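Read the structure below first, then the notes.
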Amino acid sequence: MVSVSTREEALWRVLGSVMDPEIPVVSIVELGIVRGVRCADDACTVTLTPTYSGCPATRVIEHDVRVAAADVATGALDVVTSLSPAWTTDWIAPEARARLAAFGIAPPHATREAQVVRFAARTVRCPHCGSPRTEELSRFGSTPCKAQYRCIDCREPFDYFKPH
Amino acid sequence: MKLQLFDYLLRLADNDLVLAQRLGEWVGKGPVLEEDIASTNVGLDLLGQARLWLAYAGEVEARADAVGRSEDQLAFFRTDREFRNLLLVEQPNGHYGDTITRQYLFDQWHVLLLAELATSRDSRIAAIAAKALKEVRYHVERSSQWVIRLGDGTDVSHARMQAAVDALWMYTGEMFSVDETERALIDAGIAADNAALAAPWRAAVQSVFAEATLDVPADPWMQGARGRGGKQGVHTEHLSRMLAEMQALPRMYPEARW
């Protein structure tokens, strides 16, 4: 069997090709939900952390991880969930943020910049036309991780990835 | 201690589970599409949290008497008297102002509770609480904004919000009650001391209500606050009907898989 470190590298590589089921332009590694890959002699463990407690994509992701890992000789594969430290949008890779915007989702602000002010007026740029003149339509959007916005200039609605 | 911990975990889980089910009743019926989505998303967060608490409860139960129930068994095969949620969260949805008021009164307590539990000596409780806290901070932001918008809205919305507050207020005292089960766990550094949450909760509610032009009611007789309420399994008549609907399918087809 190939060495432990080679298998760990191979696993990281295939996990980098597993896309988030609801945001298919960002991999689960870029999203920051793969918290660790560890191989021993005859088994490997992948540690995942959920984005939101109730996110329905969590099970699909675990399934996708198993399918992708089948290409790597891992021996037994254990997929475990870790809750602590809790996932934060600050873990999303910088290169993934640009892809989110290109996909039509305004990327999240850093959580320390997003300190809650009631009726807060942080600037969320429209991912379609780039205008800073946008308004919140709803605190929640199509998935638990997003809010709904609308651009005042181009009038297009869009999702904003909530800082979390 | 293990059975007390099991009971305490059910209290945490059942608040989330019952309120999630109530919010789920709004699916397809929200006053506007955005709020339909928002209330069910809050429900989804709570359901996820309920699952984490129930899974842990089942493991604690297994350690205590070797037969631990699964999340589904605990959710679908307990009767109303075995549920440990607060009376507040089982109250019917009413109109949207009633739902928002119930949500805000609970969220404002929930966020304080989870902040305390995030420092629990039980590391599993601390991890779940820290995760849930991030979600619930967002919930209280939203529900407090709605209380202000509707309270300080039109004459009609104001009157209906004040009526909702007046009707639900008698269920708020239970949130700050402490019984023997909790006392033992508080002393062990595991549970949060609900009595200590009363002052910060009241201060926050007063500030939001002031902005919402709503009056804080005089304290009436507080339902369930004297050691005989939802946390001890003594519920209002609304819970059993809600459970009948929630549990119907698994009870009819106990082996069903989906």
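Of all the numbered requirements in (1) in contact with a strand residue (DSSP E or B) (Cβ under 7 Å, 6 or more places away or on another chain); (2) over 21 Å from B:Gln49 (Cβ atoms); (3) at pLDDT below 95, A:Leu15 misses one, and that requirement is (3).
Residue check: is A:Arg122 modelled with pLDDT under 95 and surrounded by 14 or more Cβ atoms within 10 Å (Cβ to Cβ)? Outline the logic, then answer.
Values: modelled with pLDDT under 95: yes; surrounded by 14 or more Cβ atoms within 10 Å (Cβ to Cβ): no.
No, not satisfied.
Residues in the range B:154-178 that are of a type in the set (D, E, K, R) and closer than 16 Å to B:Gly227 by Cβ: 1 in all.
Taking B:Ala132 as the residue in question, decide whether it is closer than 26 Å to A:Gly54 by Cβ, at the interface with chain A (Cβ under 10 Å from one of its Cβ atoms) and touching a residue at least 40 places away in the same chain (Cβ under 8 Å).
Numbers: closer than 26 Å to A:Gly54 by Cβ: yes; at the interface with chain A (Cβ under 10 Å from one of its Cβ atoms): yes; touching a residue at least 40 places away in the same chain (Cβ under 8 Å): yes.
The answer is yes for B:Ala132.
Residue count for the range B:202-257 satisfying the condition of being closer than 30 Å to B:Arg81 by Cα, open to solvent by less than 60 Å² (accessible area, probe 1.4 Å) and part of a helix (DSSP H, G or I): 12. Of all the numbered requirements in (1) open to solvent by 10 Å² or more (accessible area, probe 1.4 Å); (2) part of a helix (DSSP H, G or I), B:Leu114 misses one, and that requirement is (1).
In the range B:35-61, the residues that are facing another protein chain (nearest Cβ under 7 Å) reach residues that are open to solvent by 20 Å² or more (accessible area, probe 1.4 Å) and among the basic types (Lys, Arg) with C-beta atoms within less than 6 angstrom, at least six apart or across chains, in these pairs: B:Ala38/A:Arg139.
Within the range A:55-71, residues that are open to solvent by 50 Å² or more (accessible area, probe 1.4 Å) have Cβ atoms under 6 Å from residues that are assigned to a helix (DSSP H, G or I) in these pairs: A:Asp71/A:Val14, counting only partners at least 6 apart in sequence or on another chain. Selection over the range A:1-60 of residues that are more than 14 Å from chain B (Cβ to nearest Cβ) and either part of a strand (DSSP E or B) or of a type in the set (Lys, Arg) (or both) gives a count of 13.
Looking only at the range A:136-164, filter to residues that are open to solvent by 40 Å² or more (accessible area, probe 1.4 Å) and assigned to a loop (DSSP other than H, G, I, E, B); which one of those is nearest to the other protein chains (Cβ to nearest Cβ)? Applying the filter and picking the extreme gives A:Ser142.
Among the residues of the range A:75-100, write down those that are within 14 Å of chain B (Cβ to nearest Cβ) and assigned to a strand (DSSP E or B). Spell out the reasoning first.
Taking the range A:75-100 and keeping what is within 14 Å of chain B (Cβ to nearest Cβ), we get A:80-91.
Residues satisfying the conditions are A:Val80, A:Thr81.
Taken together, the criteria exclude B:Arg160 from residues that are within 10 Å of chain A (Cβ to nearest Cβ), assigned to a helix (DSSP H, G or I), in contact (Cβ under 8 Å) with a residue 12 or more places away in the chain and open to solvent by 50 Å² or more (accessible area, probe 1.4 Å).
Meeting the requirement of 2 or more residues that are among the acidic types (Asp, Glu) and crowded, with 20+ Cβ neighbours inside 10 Å, the helices (runs of 4 or more DSSP H) wholly within the range B:1-84 are B:2-24, B:33-65.
Residue check: is B:Leu3 of a type in the set (A, V, I, L, M) and more than 21 Å from B:Glu182 (Cβ to Cβ)?
Numbers: of a type in the set (A, V, I, L, M): yes; more than 21 Å from B:Glu182 (Cβ to Cβ): no.
For B:Leu3, the condition - of a type in the set (A, V, I, L, M) and more than 21 Å from B:Glu182 (Cβ to Cβ) - is not met.
The values are calculated or read from the model by the stated rules, or taken from the named source; none is laboratory data. Nothing here was measured: the structure is a model prediction, and the numbers come from that model. All Cβ positions, even for glycine, are placed from backbone atoms using ideal geometry, and neighbour counts span all protein chains on display. In case anyone asks, the SASA skips ligands and DNA or RNA and just uses the protein heavy atoms, side chains included. Shrake-Rupley method; radii C 1.70, N 1.55, O 1.52, S 1.80 Å.
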